[in-house]
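Right, one structure below, let's go through it.
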Amino acid sequence: MRQSHAGESSCRRCCCCATARFREFRRRHSGGRLELELTERGRAQAERAAERVKAGWPQVAAIFCSPRHRTVATAEVVGRRYGLAPQPAPEFDDIDYGTWQGLSHDEARQRWPEQFSLWTSAPDCMVFPNGESLAELAARAWGGRQQVLQKTKAASDAVVVVAHDSTNRALLMQILGMHLRFYRALAQDPCCLNVVDQPGPDAQVRLLNATDHLRGL
(Lines give C-alpha, C1' and ligand atoms only; values in the text may rest on other atoms or scores of the structure.)
Protein backbone atom coordinates (compact mmCIF):
# COMPACT_ATOMS: atom_id res chain seq x y z
CA MET A 1 0.00 0.00 0.00
CA ARG A 2 1.19 3.46 -0.84
CA GLN A 3 1.97 5.63 2.17
CA SER A 4 2.06 9.42 2.51
CA HIS A 5 5.53 10.91 2.51
CA ALA A 6 6.84 14.21 3.77
CA GLY A 7 5.58 17.06 1.60
CA GLU A 8 2.43 15.24 0.51
CA SER A 9 -0.95 16.43 1.70
CA SER A 10 -2.26 13.86 4.14
CA CYS A 11 -5.72 12.44 3.49
CA ARG A 12 -7.93 10.11 5.41
CA ARG A 13 -8.27 6.62 4.01
CA CYS A 14 -10.69 3.77 4.37
CA CYS A 15 -9.33 0.27 3.87
CA CYS A 16 -12.07 -2.23 2.98
CA CYS A 17 -11.18 -5.90 3.28
CA ALA A 18 -13.21 -8.89 2.13
CA THR A 19 -13.58 -11.73 4.64
CA ALA A 20 -11.10 -14.60 4.44
CA ARG A 21 -11.95 -17.91 2.79
CA PHE A 22 -14.57 -19.84 4.75
CA ARG A 23 -15.99 -23.34 4.71
CA GLU A 24 -18.57 -23.53 1.97
CA PHE A 25 -20.53 -25.97 -0.11
CA ARG A 26 -19.55 -26.08 -3.77
CA ARG A 27 -21.81 -24.01 -6.04
CA ARG A 28 -24.23 -23.10 -3.27
CA HIS A 29 -25.54 -19.79 -2.00
CA SER A 30 -23.45 -20.55 1.06
CA GLY A 31 -22.28 -17.12 2.18
CA GLY A 32 -25.04 -14.75 3.07
CA ARG A 33 -26.44 -15.14 6.55
CA LEU A 34 -25.08 -18.63 7.27
CA GLU A 35 -22.53 -18.79 10.08
CA LEU A 36 -19.48 -20.43 8.54
CA GLU A 37 -16.02 -20.73 10.05
CA LEU A 38 -12.73 -19.82 8.42
CA THR A 39 -10.66 -22.56 6.86
CA GLU A 40 -6.98 -23.00 7.72
CA ARG A 41 -6.17 -21.24 4.47
CA GLY A 42 -8.62 -18.50 5.40
CA ARG A 43 -6.86 -17.88 8.70
CA ALA A 44 -3.54 -17.65 6.86
CA GLN A 45 -5.11 -15.16 4.43
CA ALA A 46 -6.32 -13.03 7.33
CA GLU A 47 -2.81 -12.94 8.81
CA ARG A 48 -1.35 -11.81 5.48
CA ALA A 49 -4.00 -9.13 5.08
CA ALA A 50 -3.37 -7.87 8.61
CA GLU A 51 0.35 -7.60 7.90
CA ARG A 52 -0.36 -5.65 4.71
CA VAL A 53 -2.71 -3.23 6.45
CA LYS A 54 -0.27 -2.66 9.32
CA ALA A 55 2.56 -1.99 6.88
CA GLY A 56 0.46 0.59 5.06
CA TRP A 57 -1.01 2.27 8.13
CA PRO A 58 0.91 2.02 11.40
CA GLN A 59 -2.08 3.67 13.11
CA VAL A 60 -5.80 3.26 12.45
CA ALA A 61 -8.68 5.00 14.17
CA ALA A 62 -11.08 2.06 14.32
CA ILE A 63 -12.00 -1.30 12.79
CA PHE A 64 -15.58 -2.10 11.79
CA CYS A 65 -16.94 -5.38 10.46
CA SER A 66 -20.00 -7.41 9.57
CA PRO A 67 -21.41 -9.39 12.54
CA ARG A 68 -20.92 -12.76 10.78
CA HIS A 69 -18.46 -15.12 12.55
CA ARG A 70 -16.15 -15.35 9.55
CA THR A 71 -15.93 -11.58 9.21
CA VAL A 72 -15.43 -10.94 12.92
CA ALA A 73 -12.68 -13.58 12.95
CA THR A 74 -10.92 -11.84 10.03
CA ALA A 75 -11.29 -8.41 11.66
CA GLU A 76 -9.94 -9.71 14.97
CA VAL A 77 -6.72 -10.78 13.26
CA VAL A 78 -6.30 -7.23 11.93
CA GLY A 79 -7.29 -5.76 15.29
CA ARG A 80 -4.58 -7.65 17.16
CA ARG A 81 -1.96 -5.72 15.17
CA TYR A 82 -3.32 -2.49 16.66
CA GLY A 83 -4.66 -3.55 20.04
CA LEU A 84 -8.17 -2.71 18.81
CA ALA A 85 -11.35 -4.74 19.07
CA PRO A 86 -13.45 -4.71 15.89
CA GLN A 87 -16.87 -3.09 16.12
CA PRO A 88 -19.57 -5.26 14.49
CA ALA A 89 -22.02 -3.27 12.36
CA PRO A 90 -25.11 -5.04 10.94
CA GLU A 91 -25.16 -2.58 8.04
CA PHE A 92 -22.10 -4.38 6.64
CA ASP A 93 -23.73 -7.83 6.80
CA ASP A 94 -23.73 -10.07 3.72
CA ILE A 95 -26.63 -10.10 1.28
CA ASP A 96 -29.77 -11.88 2.49
CA TYR A 97 -30.46 -14.76 0.09
CA GLY A 98 -33.74 -15.49 1.88
CA THR A 99 -35.23 -18.82 0.84
CA TRP A 100 -32.27 -19.46 -1.45
CA GLN A 101 -29.84 -19.56 1.46
CA GLY A 102 -27.89 -22.84 1.39
CA LEU A 103 -29.44 -24.06 -1.86
CA SER A 104 -27.24 -25.19 -4.73
CA HIS A 105 -27.39 -23.25 -7.98
CA ASP A 106 -29.19 -26.19 -9.61
CA GLU A 107 -31.77 -26.33 -6.80
CA ALA A 108 -32.49 -22.61 -7.08
CA ARG A 109 -32.70 -22.85 -10.89
CA GLN A 110 -35.17 -25.75 -10.71
CA ARG A 111 -37.45 -24.13 -8.12
CA TRP A 112 -37.30 -20.54 -9.41
CA PRO A 113 -36.21 -20.74 -13.08
CA GLU A 114 -37.33 -17.22 -14.02
CA GLN A 115 -35.82 -15.60 -10.94
CA PHE A 116 -32.58 -17.54 -11.34
CA SER A 117 -32.32 -16.34 -14.93
CA LEU A 118 -32.96 -12.79 -13.71
CA TRP A 119 -30.23 -13.08 -11.05
CA THR A 120 -27.67 -14.23 -13.62
CA SER A 121 -28.65 -11.79 -16.39
CA ALA A 122 -29.98 -8.69 -14.59
CA PRO A 123 -28.95 -8.90 -10.91
CA ASP A 124 -30.12 -5.33 -10.23
CA CYS A 125 -33.72 -6.44 -10.89
CA MET A 126 -33.65 -9.47 -8.60
CA VAL A 127 -35.29 -9.68 -5.16
CA PHE A 128 -34.52 -12.94 -3.36
CA PRO A 129 -37.63 -14.71 -2.04
CA ASN A 130 -37.95 -13.66 1.62
CA GLY A 131 -34.59 -11.92 1.22
CA GLU A 132 -33.36 -8.62 -0.17
CA SER A 133 -32.40 -6.96 -3.43
CA LEU A 134 -29.07 -5.45 -4.45
CA ALA A 135 -30.64 -2.02 -4.08
CA GLU A 136 -31.54 -2.81 -0.47
CA LEU A 137 -28.05 -4.15 0.18
CA ALA A 138 -26.52 -1.01 -1.35
CA ALA A 139 -28.70 1.31 0.73
CA ARG A 140 -27.93 -0.62 3.92
CA ALA A 141 -24.17 -0.67 3.27
CA TRP A 142 -24.15 3.02 2.39
CA GLY A 143 -25.92 3.76 5.65
CA GLY A 144 -23.17 1.84 7.45
CA ARG A 145 -20.56 3.92 5.66
CA GLN A 146 -22.28 7.10 6.79
CA GLN A 147 -22.31 5.87 10.39
CA VAL A 148 -18.60 5.03 10.25
CA LEU A 149 -17.80 8.51 8.93
CA GLN A 150 -19.87 10.08 11.68
CA LYS A 151 -18.30 8.00 14.45
CA THR A 152 -14.75 8.71 13.27
CA LYS A 153 -15.15 12.28 11.98
CA ALA A 154 -12.72 13.65 14.58
CA ALA A 155 -10.01 11.10 13.67
CA SER A 156 -7.30 11.68 11.09
CA ASP A 157 -6.06 8.09 10.95
CA ALA A 158 -7.32 5.46 8.51
CA VAL A 159 -10.41 3.37 9.19
CA VAL A 160 -10.63 -0.36 8.42
CA VAL A 161 -13.87 -2.07 7.34
CA VAL A 162 -14.00 -5.87 6.98
CA ALA A 163 -17.07 -6.99 5.09
CA HIS A 164 -18.22 -9.41 2.37
CA ASP A 165 -17.66 -9.45 -1.37
CA SER A 166 -21.30 -8.48 -1.99
CA THR A 167 -21.20 -5.62 0.52
CA ASN A 168 -17.87 -4.33 -0.75
CA ARG A 169 -19.12 -4.39 -4.33
CA ALA A 170 -22.25 -2.45 -3.41
CA LEU A 171 -20.19 0.22 -1.63
CA LEU A 172 -17.50 0.51 -4.28
CA MET A 173 -19.99 0.67 -7.12
CA GLN A 174 -21.71 3.63 -5.50
CA ILE A 175 -18.41 5.46 -5.02
CA LEU A 176 -17.47 4.72 -8.65
CA GLY A 177 -20.89 5.71 -9.98
CA MET A 178 -21.55 2.25 -11.43
CA HIS A 179 -25.03 0.86 -12.01
CA LEU A 180 -25.88 -2.26 -10.00
CA ARG A 181 -26.48 -4.19 -13.23
CA PHE A 182 -22.67 -4.42 -13.43
CA TYR A 183 -22.53 -6.11 -10.02
CA ARG A 184 -20.42 -9.01 -11.31
CA ALA A 185 -17.96 -6.74 -13.13
CA LEU A 186 -16.13 -5.98 -9.86
CA ALA A 187 -14.09 -8.87 -8.48
CA GLN A 188 -13.77 -9.18 -4.71
CA ASP A 189 -11.56 -12.12 -3.81
CA PRO A 190 -11.23 -13.53 -0.27
CA CYS A 191 -9.13 -11.19 1.89
CA CYS A 192 -8.57 -8.70 -0.91
CA LEU A 193 -7.88 -5.07 -0.03
CA ASN A 194 -9.60 -1.94 -1.36
CA VAL A 195 -8.46 1.55 -0.46
CA VAL A 196 -10.60 4.67 -0.64
CA ASP A 197 -9.15 8.16 -0.12
CA GLN A 198 -11.26 10.88 1.49
CA PRO A 199 -14.30 8.64 2.15
CA GLY A 200 -16.77 11.50 1.63
CA PRO A 201 -18.23 13.36 -1.38
CA ASP A 202 -14.79 13.54 -3.02
CA ALA A 203 -13.91 9.88 -2.46
CA GLN A 204 -11.38 8.24 -4.77
CA VAL A 205 -10.72 4.52 -5.08
CA ARG A 206 -6.94 4.09 -4.86
CA LEU A 207 -6.74 0.29 -4.71
CA LEU A 208 -9.21 -2.34 -5.88
CA ASN A 209 -9.26 -6.08 -5.14
CA ALA A 210 -5.52 -6.17 -4.29
CA THR A 211 -4.37 -9.71 -3.52
CA ASP A 212 -0.60 -9.59 -4.00
CA HIS A 213 -0.17 -10.10 -0.24
CA LEU A 214 -1.74 -13.56 -0.64
CA ARG A 215 0.83 -14.97 -3.06
CA GLY A 216 1.80 -18.52 -2.26
CA LEU A 217 -1.32 -19.34 -0.23
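Give the residues of segment 87-104 that are among the polar types (S, T, N, Q) and free of Cβ contacts under 8 Å to residues at least 40 places away in the same chain, sorted by residue number. Spell out the reasoning first.
Residues of segment 87-104 that are among the polar types (S, T, N, Q), as a first pass: 87, 99, 101, 104.
Within segment 87-104, Gln87, Thr99 meet the criteria.
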Report yes if some residue within segment 51-67 is in a loop (DSSP other than H, G, I, E, B), crowded, with 18+ Cβ neighbours inside 10 Å and modelled with pLDDT of 95 or more; otherwise report no. yes
(1) within 19 Å of Pro88 (Cβ to Cβ); (2) surrounded by 16 or more Cβ atoms within 10 Å (Cβ to Cβ); (3) at pLDDT 95 or above all hold for Leu180 apart from (1)
The listed residue being at pLDDT 95 or above and farther than 28 Å from His213 by Cβ, out of Asp124, Asp106: Asp124
Tell me which residues, restricted to segment 139-160, are touching a Ser or Thr at 6+ places or on another chain (Cβ under 9 Å) and surrounded by 22 or more Cβ atoms within 10 Å (Cβ to Cβ). Ala141, Val159
Can you say whether Gln150 is among the polar types (S, T, N, Q) and over 19 Å from Arg68 (Cβ atoms), as far as the supplied structure shows? yes
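Just to be sure before I move on: is Arg80 in contact with a Ser or Thr (Cβ under 7 Å, 6 or more places away or on another chain) and either of a type in the set (A, V, I, L, M, F, W, C) or part of a helix (DSSP H, G or I) (or both) in the structure I sent?
On the way: in contact with a Ser or Thr (Cβ under 7 Å, 6 or more places away or on another chain): no; either of a type in the set (A, V, I, L, M, F, W, C) or part of a helix (DSSP H, G or I) (or both): yes.
Against the criterion (in contact with a Ser or Thr (Cβ under 7 Å, 6 or more places away or on another chain) and either of a type in the set (A, V, I, L, M, F, W, C) or part of a helix (DSSP H, G or I) (or both)), Arg80 does not qualify.
Being assigned to a loop (DSSP other than H, G, I, E, B) and either of a type in the set (D, E, K, R) or closer than 30 Å to Arg41 by Cβ (or both) is true for just one of Asp94, Asp106. Which residue is that? Break it down stepwise before answering.
Values: Asp106 fails: assigned to a loop (DSSP other than H, G, I, E, B).
Among Asp94, Asp106, only Asp94 is assigned to a loop (DSSP other than H, G, I, E, B) and either of a type in the set (D, E, K, R) or closer than 30 Å to Arg41 by Cβ (or both).
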Suppose we keep only residues that are over 22 Å from Leu208 (Cα atoms) and surrounded by 15 or more Cβ atoms within 10 Å (Cβ to Cβ) within segment 17-31. Which one would you say is modelled with the lowest pLDDT? Arg28
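If we scan segment 145-157, do we find a residue that is of a type in the set (Asp, Glu), in contact (Cβ under 8 Å) with a residue 24 or more places away in the chain, on the phi < 0 side of the Ramachandran plot and in contact with a strand residue (DSSP E or B) (Cβ under 6 Å, 6 or more places away or on another chain)? Talk me through it step by step, then tell me what you get.
First, the residues of segment 145-157 that are of a type in the set (Asp, Glu): 157.
Within this subset, residues satisfying the condition of being in contact (Cβ under 8 Å) with a residue 24 or more places away in the chain are 157.
Okay, now just the ones that are also on the phi < 0 side of the Ramachandran plot, so 157.
Now drop any that are not in contact with a strand residue (DSSP E or B) (Cβ under 6 Å, 6 or more places away or on another chain), which leaves 157.
Yes, because at least one residue in segment 145-157 is of a type in the set (Asp, Glu), in contact (Cβ under 8 Å) with a residue 24 or more places away in the chain, on the phi < 0 side of the Ramachandran plot and in contact with a strand residue (DSSP E or B) (Cβ under 6 Å, 6 or more places away or on another chain).
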Filtering segment 172-189 down to residues that are without any contact (Cβ under 8 Å) to a residue 12 or more places away in the chain and not in a loop (DSSP other than H, G, I, E, B), which residue is nearest to Thr19 (Cα to Cα)? Ala185
Could you grab me the full set of residues in segment 153-171 that are in contact with a Lys or Arg (Cβ under 9 Å, 6 or more places away or on another chain) and part of a loop (DSSP other than H, G, I, E, B)? Ala155, Ser156, Asp157, His164
List every residue pair whose Cβ atoms lie under 8 Å apart, where the two residues are 6 or more positions apart in sequence or sit on different chains, the first residue falls within segment 190-217 and is surrounded by fewer than 15 Cβ atoms within 10 Å (Cβ to Cβ), and the second residue, located anywhere, is assigned to a loop (DSSP other than H, G, I, E, B) and basic (Lys, Arg). Gln198/Arg12
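The values are calculated or read from the model by the stated rules, or taken from the named source; none is laboratory data. All values reported here derive from a predicted model rather than from experimental measurement. Note that each Cβ is placed from the backbone with ideal geometry, even for glycine, and that neighbours are counted across all protein chains shown.
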